[in-house]
Amino acid sequence: MTENPPYVNNYGQLQTIFDAIKVAKTPPKFTQDFIYSVLGLKTKAYRSMLPFFKRLGFTDQGSVPTENYKQYRGTNDKIVMANCIRNAYPTIFQSNEFAYKLNKSELTRTVKTATGLSEDDQILKSIVNSFLELCKLADFEGEKIEEEEEEEEDIKEKVESYSKLGISYNINLNLPPTTEIEVFNAIFKSLKENLLRE
């Protein structure tokens, strides 16, 4: 049986916890105690964030914050989130490449088709709303711009490496049998003027 896309039932608190991790020092492990004591989020509803963060790629299987977690705390937070959403919800993006642009009813139909969940299933509602809340924290257009900039940088580097290539050639002369120095002078003067120019 295929696992459902990531979701939390308390999706309305996603903004709160992601805002909190941006200002709190990255912990050695992302635990319930860290959420409670450091982030100050003391309701039991936040316990479901632990497996959710793993599936989103913000922590590994040992609850250690990943590079995504660390980068999200920087200036590219929205682009990092967009990448994580794409990786965490592949079935939704397979059904609609532009799922992040869909309104709630359109997204519900897309998720329903991708998962096979029924219209009145609470899990369907939680998946849709979790996805929508995460998208508020993401910038998918910025993600494309970053990819284009990386591609342009790769092309630039390749062009620069090719431009460093040089061309050299060898000239073999078969000189006539003569003792007249003027003949040699005329030959080398002609070479200099016609072939050895910059």
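The values are calculated or read from the model by the stated rules, or taken from the named source; none is laboratory data. Small disclaimer: the values here were computed from a predicted structure and weren't measured. Don't worry about glycine lacking a Cβ; one is built from the backbone with ideal geometry, like all the others, and counts go over all protein chains shown.
Numerical summary
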{"quantity": "From 70, 29, 42, residue being over 19 Å from residue 126 (Cβ atoms) and either β-branched (Val, Ile, Thr) or touching a helix residue (DSSP H, G or I) at 6+ places or on another chain (Cβ under 8 Å) (or both)", "calculated": "42"}
{"quantity": "The stretch 68-86: number of residues that are without any contact (Cβ under 8 Å) to a residue 12 or more places away in the chain and among the β-branched types (Val, Ile, Thr)", "calculated": "1"}
{"quantity": "Out of 141, 133, sole residue that is at pLDDT 65 or above, surrounded by 10 or more Cβ atoms within 10 Å (Cβ to Cβ), in a helix (DSSP H, G or I) and touching a helix residue (DSSP H, G or I) at 6+ places or on another chain (Cβ under 7 Å)", "calculated": "133"}
{"quantity": "Subset of the stretch 87-118 [within 19 Å of the chain's Cα centre (by Cα) and in contact (Cβ under 8 Å) with a residue 40 or more places away in the chain]", "calculated": "88, 89, 91, 92, 100"}
{"quantity": "Leading residue by the ranking (farthest from residue 111 (Cα to Cα)) among those in the stretch 1-57 that are among the basic types (Lys, Arg) and either at pLDDT below 95 or loosely packed, with under 14 Cβ neighbours inside 10 Å (or both)", "calculated": "25"}
{"quantity": "Within the stretch 58-86, considering residues that are small (Gly, Ala, Ser) and either over 12 Å from the mean Cα position of the chain (by Cα) or modelled with pLDDT under 95 (or both), the one farthest from residue 13 (Cα to Cα)", "calculated": "62"}
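Residue by residue, here is whether (1) of a type in the set (Lys, Arg); (2) under 30 Å from residue 12 (Cβ atoms); (3) crowded, with 16+ Cβ neighbours inside 10 Å; (4) at pLDDT below 75 holds:
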position	(1), (2), (3), (4)
102	no, yes, yes, no
112	yes, yes, yes, no
128	no, yes, yes, no
137	no, yes, yes, no
147	no, no, no, yes
194	no, no, no, yes
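Conditions (1) of a type outside the set (Ser, Thr, Tyr); (2) out of contact with any Ser or Thr (no Cβ under 8 Å at 6 or more places or on another chain); (3) without any contact (Cβ under 8 Å) to a residue 60 or more places away in the chain, marked per residue:
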residue	(1), (2), (3)
27	yes, yes, yes
31	no, no, yes
34	yes, yes, yes
37	no, yes, yes
44	yes, yes, yes
54	yes, no, yes
